[in-house]
């Protein structure tokens with residue numbers, strides 16, 4: 001059931017077309033392995049939106065490739081990556 005919901009969210013919001021592949025790879029590396037995400041890719045992630053970000057991470061967790069990873073650890077890392085990017089973009093944008 002959850003898998004269908006994530007796929008539907010991803011499809012309805014065109015999530016897979018909002019980020020360039022290099023930034024998708026950087027974001028996933030920072031969440032599923034170790035590494036940092038560049039300012040440019042943080043910008044793309046924030047434009048992608050939290051709904052898409054969460055759905056894509058959850059869908060990736062359903063992939064057998066990631067079956068040995070702790071889902072809670074990944075969710076926590078994905079939230080940290082999102083919050084870090086949001087803070088970074090907020091700090092870079094000129095305040096009105």
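Every number here is computed from the coordinates shown, using simple stated rules; none is lab data. All values reported here derive from a predicted model rather than from experimental measurement. Here the Cβ is made from the backbone with ideal geometry for all residues, glycine too, and neighbour counts use every protein chain on show.
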Picking from 39, 70, 83, which is most flexible by a Gaussian network model of the chain using Cα springs under 10 Å?
70
What does the helix-only formula give at 222 nm for the chain: each DSSP H stretch with n ≥ 4 adding -39500 (n - 2.57), the total divided by the residues, and the result rounded to the nearest 500 deg cm²/dmol?
-22500 deg cm²/dmol
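Find the relative contact order for the stretch 2-92 and round it to a whole percent, using C-alpha pairs within less than 8 Å whose residues are 6+ positions apart. Working shown, then result.
On the way: 78 pairs, mean separation 31.7, N = 91.
Rounded, it is 35 percent for the stretch 2-92.
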Over 10 Å intervals from 0, what percent of Cα-Cα pairs in the stretch 1-58 sits in each interval?
24, 54, 20, 1
Helix 2-12 versus the longest principal axis of the chain: what is the Cα-based angle in degrees, 0 to 90, to the nearest 10?
40 degrees
Estimated distance in nm for a label pair at residue 65 and residue 14, the labels positioned 7 Å out from Cα along Cα-to-Cβ
2.5 nm
Rounded to the nearest 10 degrees, the helix 21-32 long axis (Cα) sits at an angle to the longest Cα principal axis of the chain of 70 degrees
Sorted by Cβ density within 10 Å, fewest first, the residues 69, 21, 56:
21, 69, 56
Between helix 39-48 and the chain: long-axis angle, C-alpha atoms, 0 to 90°, nearest 10:
60 degrees
Anyone know which of 65, 25, 48 comes out most mobile in the 10 Å Cα GNM of the chain?
65
